[in-house]
Amino acid sequence: MLILGIESSCDETSVALVEDGRKVLSVETLSQIEIHKVYGGVVPEIASRKHLETVAGLTQRAIESAGITKEQIDAIACTNRPGLIGALLTGFSFAKGAAYSLGVPLVAVNHIQGHIAAAYPAFPELKPPFTALSVSGGNTFFIRVKDYTDMEVLGSTRDDAAGEAFDKVARVMGIPYPGGSTIDRLARQGRERLGIAECMKRFPLPRPSFEDAPYDTSFSGLKTAFINAIHHAEQTGEEVDKEVLSASFTEAVADIIVSRFVYAAEHEDSDTFVVGGGVAANTRLREKLAAAAEKYHKKLFIPPLSVCGDNAAMIASQGYYDLLAGKIAPLDENAFANLEY
């Protein structure tokens, strides 16, 4: 079964063709990073207009790259939640038109489930049930995956998401958007120069937790503590050691996430863990997750860096399993900025 996937929830326009949810035939993605960099973050209206300009051309390129004709497509899968509402509507409206014109089913895909599904093409042996972490710029979720389409949220962020926190603190340090990869690089340099213990000693940062909700996370207080450290240095005339501060911040983010991973390892009846989302590209987080998985004898699946960010292959993959479960969307289906509706 050949699924055409479309992703436009934020600032990447992506189209892919995936066979049977696992074999990626083509992926065409246009990033808008350079466009939004001048503004220090994503401008929703600009993102929506760029999706409108590019989605049709990317679709044609994806079909040609896959070496198929559009008549061979069995279904259209497209992100319809959560994300920037204008951006979502642009891609989803195009998907509706494509599904109608081809006479094939339309599948509305949950973006968070898509990040989990990014692991399916990368690891053909992976099958539910397992425990998943989806950690990106807009969301941080711990999820019990009972089956391909049956999932239960164990916990989420109460304020900023992990990726959002990275971008905000990067902006305070004068690092261009998106700041996550730059902070990752600076943090590595700080750890190599002083060691992580000394980095944390110089810039102690909080790691909040919740007794009543052990899977929930919070990054707002951590972000504020980071910003306060910057302001204190400025007010006292000290030069901010960006490498050391980045190392301490990255360690705190990783500790917050990994502590929930450890709790899941101790309390969930699962020996398999899957991690997806843009923050899963962070090298320190990957290292600490791998170490925790080894300690607790758990199988850990983290997709390659190339598919940690938003892409249409993950949407097509999840769409395939949604379609098998009979989750066909009517053509009057809407898009939703949030998961609660």
Quiz item: Name the pairs: first residue in the stretch 214-227 and closer than 14 Å to THR250 by Cβ, second residue small (Gly, Ala, Ser) and buried (at least 16 other Cβ atoms within 10 Å of the Cβ), Cβ to Cβ under 6 Å, at least 6 apart or on different chains?
Solution: PHE219/ALA162; PHE219/ALA165; LEU222/ALA252; LYS223/ALA165
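For (1) under 17 Å from the mean Cα position of the chain (by Cα); (2) farther than 20 Å from GLY319 by Cα, each residue gets a yes or a no:
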| residue | (1), (2) |
| --- | --- |
| GLU7 | yes, no |
| GLY21 | no, no |
| GLU34 | no, yes |
| LYS50 | no, yes |
Exercise. Filter the helices (runs of 4 or more DSSP H) completely within the stretch 213-301 down to those with at least 2 residues that are out of contact with any Asp or Glu (no Cβ under 8 Å at 6 or more places or on another chain) and over 22 Å from PHE123 (Cβ atoms).
Key: 220-235, 242-267
Quiz item: Only one residue in ALA264, ALA325, ALA312, ALA316 is at pLDDT 95 or above and loosely packed, with under 15 Cβ neighbours inside 10 Å. Which one?
Solution: ALA325
Quiz item: Of the residues that sit in the stretch 161-177 and are under 17 Å from the mean Cα position of the chain (by Cα) and surrounded by fewer than 23 Cβ atoms within 10 Å (Cβ to Cβ), which one is nearest to PHE273 (Cα to Cα)?
Solution: GLU164
Self-check item: Members of the stretch 238-264 found to be farther than 16 Å from ARG191 by Cα and among the acidic types (Asp, Glu), listed by number
Solution: GLU238, GLU239
Quiz item: So which residues in the stretch 78-108 are more than 16 Å from GLU12 (Cβ to Cβ) and of a type in the set (Gly, Ala, Ser)?
Solution: SER93, GLY97, ALA98, ALA99, SER101, GLY103, ALA108
Self-check item: Residue count for the stretch 214-251, restricted to those that are of a type in the set (Phe, Trp, Tyr) and either more than 25 Å from the chain's Cα centre (by Cα) or open to solvent by 50 Å² or more (accessible area, probe 1.4 Å) (or both)
Solution: 0
Quiz item: Does the stretch 46-68 hold any residues that are more than 24 Å from ALA329 (Cβ to Cβ) and open to solvent by 60 Å² or more (accessible area, probe 1.4 Å), and which are they?
Solution: ARG49, GLU53, ARG61, GLU64, SER65, GLY67
Quiz item: Looking at the stretch 233-263, which of its residues are among the hydroxyl-bearing types (Ser, Thr, Tyr) and within 26 Å of ALA291 (Cα to Cα)?
Solution: SER246, SER248, THR250, SER259, TYR263
Quiz prompt | Conditions (1) in contact (Cβ under 8 Å) with a residue 60 or more places away in the chain; (2) of a type outside the set (Val, Ile, Thr); (3) open to solvent by less than 30 Å² (accessible area, probe 1.4 Å): number failed by GLN113 | solution = (3)
Exercise. Answer yes if at least one residue in the stretch 120-135 is of a type outside the set (Val, Ile, Thr) and without any contact (Cβ under 8 Å) to a residue 12 or more places away in the chain, and no otherwise.
Key: yes
Exercise. Please verify whether the stretch 71-82 includes one or more residues that are assigned to a helix (DSSP H, G or I) and open to solvent by 10 Å² or more (accessible area, probe 1.4 Å).
Key: yes
Quiz item: Limited to the stretch 145-183, what total is found for residues that are of a type in the set (Lys, Arg), touching a residue at least 60 places away in the same chain (Cβ under 8 Å) and either touching a helix residue (DSSP H, G or I) at 6+ places or on another chain (Cβ under 9 Å) or at positive phi (or both)?
Solution: 1
Quiz item: under 26 Å from GLY114 (Cβ atoms) and open to solvent by 40 Å² or more (accessible area, probe 1.4 Å): does that describe TYR296?
Solution: no
Quiz item: So, of the residues in the stretch 316-335 that are part of a loop (DSSP other than H, G, I, E, B) and touching a helix residue (DSSP H, G or I) at 6+ places or on another chain (Cβ under 6 Å), which turns out to be nearest to LEU4 (Cα to Cα)?
Solution: LEU331
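When residues of the stretch 1-45 are filtered for being assigned to a helix (DSSP H, G or I) and open to solvent by less than 30 Å² (accessible area, probe 1.4 Å), how many remain?
Residues meeting the conditions: 1.
The values are calculated or read from the model by the stated rules, or taken from the named source; none is laboratory data. A quick note: this is a predicted structure, and the numbers were derived from the prediction, not measured. All Cβ positions, even for glycine, are placed from backbone atoms using ideal geometry, and neighbour counts span all protein chains on display. These accessible areas exclude ligands, DNA and RNA; they are computed on the full protein's heavy atoms, side chains included. Shrake-Rupley method; radii C 1.70, N 1.55, O 1.52, S 1.80 Å.
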